[in-house]
1. Which entries in the list LYS122/LYS344; LYS44/LYS254; LYS44/LYS317; LYS46/LYS220; LYS46/LYS254; LYS190/LYS317 go over 20 Å, if you measure between the two C-alpha atoms of each?
2. Based on Cβ point charges of +1 for Lys and Arg and -1 for Asp and Glu, what charge dipole magnitude is obtained for the stretch 279-430 about its Cα centre, in debye rounded to the nearest 20?
3. Need one number: convex hull volume per residue for the stretch 302-459, Cα atoms only, in Å³.
4. Using the charge dipole of the chain (Lys, Arg: +1 at Cβ; Asp, Glu: -1 at Cβ; taken about the Cα centre), state which of HIS200, TYR222, HIS359 has its Cα farthest towards the positive end.
5. Pull up the DSSP beta bridges for the chain and report the antiparallel fraction as a percent, rounded to 5.
6. When the dipole is taken about the Cα centre of the chain, and only Lys, Arg (+1) and Asp, Glu (-1) are charged at their Cβ, what size is it in debye, to the nearest 20?
7. What part of the accessible area of the chain, given as a whole %, is carbon or sulfur when the probe is 1.4 angstrom?
8. Kindly rank 236-245, 446-455, 306-315 from highest to lowest mean number of other beta carbons found within 10 Å of each residue.
Amino acid sequence: MNDVVLWALVGFALASSGQATKRNVLFIAIDDLRPELGCYGSSKAKSPHIDALASKSILFERAYCQVAVCSPSRASFLTGRRPDTNHVWANVGSEYWRKFTNATTIPQYFKENDYISIGMGKIFHPGRASGYDDEKYSWSPEGLPYYHSSLEEDYGPPNKTSLWWAFDGFEDNQLPDGQIADHAMTTLQKLRANRDNGDHRRFFLAVGFHKPHIPLYAPKKYFDMYPPASEISLPENPRPPRFMPSIAWSDWEKWRVYENTKDHFAGENCSGKNWKLAISEECAFPDSVSREIRRSYYASLTYSDYQVGKVLDELKKQGFADETVIVLLGDHGFHLGELGEWGKFTNFEDATRVPLILHVPGVTDGGMRTNALVELVDVFPSLAEIAGIPVPPLCPEEENDILACVEGLSVVPLLGNPMRKWKNATFSQFARPGPLNGLPRISNYTFDPKLGYEQAMGYSIRSDHYRYTSWLGFNSAEAKANWTFWFADELYDHTKPTTNFNDENDNDSSDTLHKTLIENLEASLKAGWRGALPPPRDV
């Protein structure tokens with residue numbers, strides 16, 4: 001057995017005990033990126049640079065976020081803790097995890113382990129929801145302050161209100177993500193100079209790209225890489241699931257207000273106040289608009305892909321490639337008209353499944369793939385172990401004051417054997433009502449506006465073959481579900497291979513043939529993530 005395989009199987013134990021050389025970490029987060037990439041089998045999106053990274057990485061075919069919206073998902077994977085622990089479920093400024101738990105974040109943990117920790121772009125959700133990028137705790141202050149593009153708050157097409165726009169004649173750095181890529185390249189040059197001048201600290205460098213988050217803006221040259229909108233395919237499953245409970249539906253009203261979309265809707269009828277109308281053909285985008293949106297999403301994705309390529313090229317140019325672990329992920333999935341949905345804000349497969357790619361020099365260089373069920377909360381302990389610093393322990397079940405503990409599991413054993421037995425399930429959730437994502441009325445129940453957001457919670461478990469979701473009453477002050485206050489449930493069958501983004505078309509929860517299956521899945525959902533952990537390591 002050669003040294004590389006031995007290290008993949010056993011050597012990480014040395015790294016976590018400090019006997020191996022620490023490694024740099026390049027952490028790349030891409031906003032609203034779904035796994036519609038060449039490396040995930042898509043022939044629609046052009047992603048050559050991410051695909052090249054994947055070819056020398058382990059690619060996780062079934063990775064899932066813990067909540068399909070930016071702020072709570074980022075709070076979750078950056079602390080390694082789940083939404084109910086963080087008390088963060090929505091994109092609202094009042095939900096900053098340090099108000100509820102002083103959890104250690106990934107960049108903070110690396111900083112506390114003698115790394116220089118540097119961030120730029122969208123890593124945490126900007127603003128109050130992250131204590132303004134968690135600067136007090138997470139980032140090293142010396143000479144490399146947190147960076148945001150100067151254009152992030154003020155850029156757009158001439159009318160400022162288009163959902164999509166191709167900027168004719170623009171260079172990449174005339175838009176925010178291009179500026180972020182340029183700053184990352186400059187930062188790598190500074191780190192090289194620092195290393196040459198005797199600063200031998202390893203770095204944790206976090207780079208967050210905004211696109212393909214709406215509005216879908218990119219330089220025109222990226223739109224030109226795709227056929228005209230009239231030739232872009234429509235989703236294969238554009239209707240909501242049969243027998244879907246109303247509470248599962250996310251009103252994508254935010255998408256309807258742009259200059260090039262708002263005239264296609266019938267006013268109040270499509271506002272979501274009547275969910276049956278909101279999901280009707282009357283309130284769907286016309287095919288021509290759907291094609292434009294999908295083409296613009298692909299163009300925006302490709303724009304971000306090329307920025308990733310620039311950063312990876314600079315990493316190599318500065319001589320850091322062989323000593324740097326790279327992780328690339330999307331913060332949640334995304335609907336592009338599938339199931340009649342646009343964006344995130346649901347518990348469906350398309351909203352919760354994410355791209356996750358991990359490159360470890362000398363171990364994954366030949367490329368590998370795994371179908372193991374993994375979660376974004378697994379990223380924190382995985383990076384710690386691979387980089388060669390102590391792995392934070394699992395958080396105990398009872399309340400605790402441990403600052404550095406996690407509710408995920410290091411995926412290092414999968415590097416030695418991608419086929420090994422792993423988690424039995426992953427767990428996601430979504431609250432109703434919420435800002436821009438919940439309906440004022442579900443069935444015959446009206447939410448009390450005085451109680452604010454998160455009066456109901458959809459808890460979703462994804463097993464090897466099924467997705468089961470139970471919608472329950474929820475006490476946000478205590479972050480606890482009321483299992484006796486039940487709204488609805490959903491069961492989706494994944495036993496048969498499905499094409500990406502063409503699944504979960506039928507809610508089978510009312511089928512009496514599935515009674516025992518639902519009882520078992522509900523029991524697993526109640527047992528939670530601890531009950532789904534794999535056996536202890538045998539290496």
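1. LYS44/LYS254; LYS44/LYS317; LYS46/LYS254
2. In debye, rounded to 20, the stretch 279-430 gives about 640.
3. 192 Å³
4. Toward the positive end, the furthest listed residue is HIS200.
5. 55 percent
6. 460 debye
7. Carbon with sulfur: 51 percent of the solvent-accessible area.
8. Taking the mean over residues of other Cβ atoms within 10 Å, the ranking is 306-315, 236-245, 446-455.
The values are calculated or read from the model by the stated rules, or taken from the named source; none is laboratory data. None of these values were measured; they are calculated from a predicted model. As a convention, Cβ positions derive from the backbone with ideal geometry for all residues, glycine included, and neighbour counts pool all protein chains shown. Protein only, heavy atoms only, side chains kept; ligands, DNA and RNA dropped before computing areas. Shrake-Rupley method; radii C 1.70, N 1.55, O 1.52, S 1.80 Å.
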